[in-house]
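Below: one structure, written as structure tokens.
The values are calculated or read from the model by the stated rules, or taken from the named source; none is laboratory data. Because the structure is predicted, anything quoted here is derived from the model rather than measured. Using ideal geometry, Cβ is built from the backbone for each residue, glycine included, and neighbour counts are taken over all protein chains shown. What goes into the accessible areas is simple: the full protein's heavy atoms, side chains included, and nothing from ligands, DNA or RNA. Shrake-Rupley method; radii C 1.70, N 1.55, O 1.52, S 1.80 Å.
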Amino acid sequence: MVTINWKTQLPAHPDPRYIVVEHIHNSASEQEVRDFFSFCGSIQSIEMQPQDKEYNRALVVFEQEDAGKTALLLGDAHIKNVSIVVMPLHAQNADCPPNYEHATRAVDTDYKGKPA
């Protein structure tokens, strides 16, 4: 696990308002990241830093918990035509996004005897 030194004051306990976005192409500006996530809710702050030579990561802090939970649903969405990774700041202890359990459940694909 990589330790990331954020300048932003981090909560001591999991807080769904804090999300980390990785794999943001270097050509994407902070404003573009802000615009992308703003439909989830009001953003308190964004901190961006290099992830590697080609990509950046961002810490996005929302005003409301529901906004952070909604943002988690945007994993694999695209900014500048590049798929991003969205995760809670405290990934190992964080609340799962809404409908997470349903989304990860196996799907019944046996259609025998079922109406079309």
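Take the Cβ-Cβ distance between ASP66 and HIS25 as r, set R0 to 30 Å, and report the resulting FRET efficiency rounded to the nearest 0.05.
0.60
Could you give the accessible area per residue of the range 3-61, probe 1.4 Å, as a whole number in Å²?
On a per-residue basis, 55 Å².
Restricting attention to the range 22-61, which trypsin sites (Lys or Arg not before Pro) occupy a DSSP loop and are surrounded by at most 16 other Cβ atoms within 10 Å?
Taking the range 22-61 and a limit of 16 other Cβ atoms within 10 Å, the loop trypsin sites (Lys or Arg not before Pro) found are LYS53.
When the accessible area of the range 1-53 is computed with all protein chains present and a 1.4 Å probe, what percentage of it is carbon and sulfur?
51
Please give the length that would be gained between LYS53 and VAL82 if that part of the chain were fully extended, namely 0.36 nm times their separation in residues minus their C-alpha to C-alpha distance (nm, one decimal). Before the final figure, lay out the partial values.
Working: separation 29, 0.36 × 29 = 10.44 nm, distance 1.49 nm.
Result for the pair: 8.9 nm of gain on full extension.
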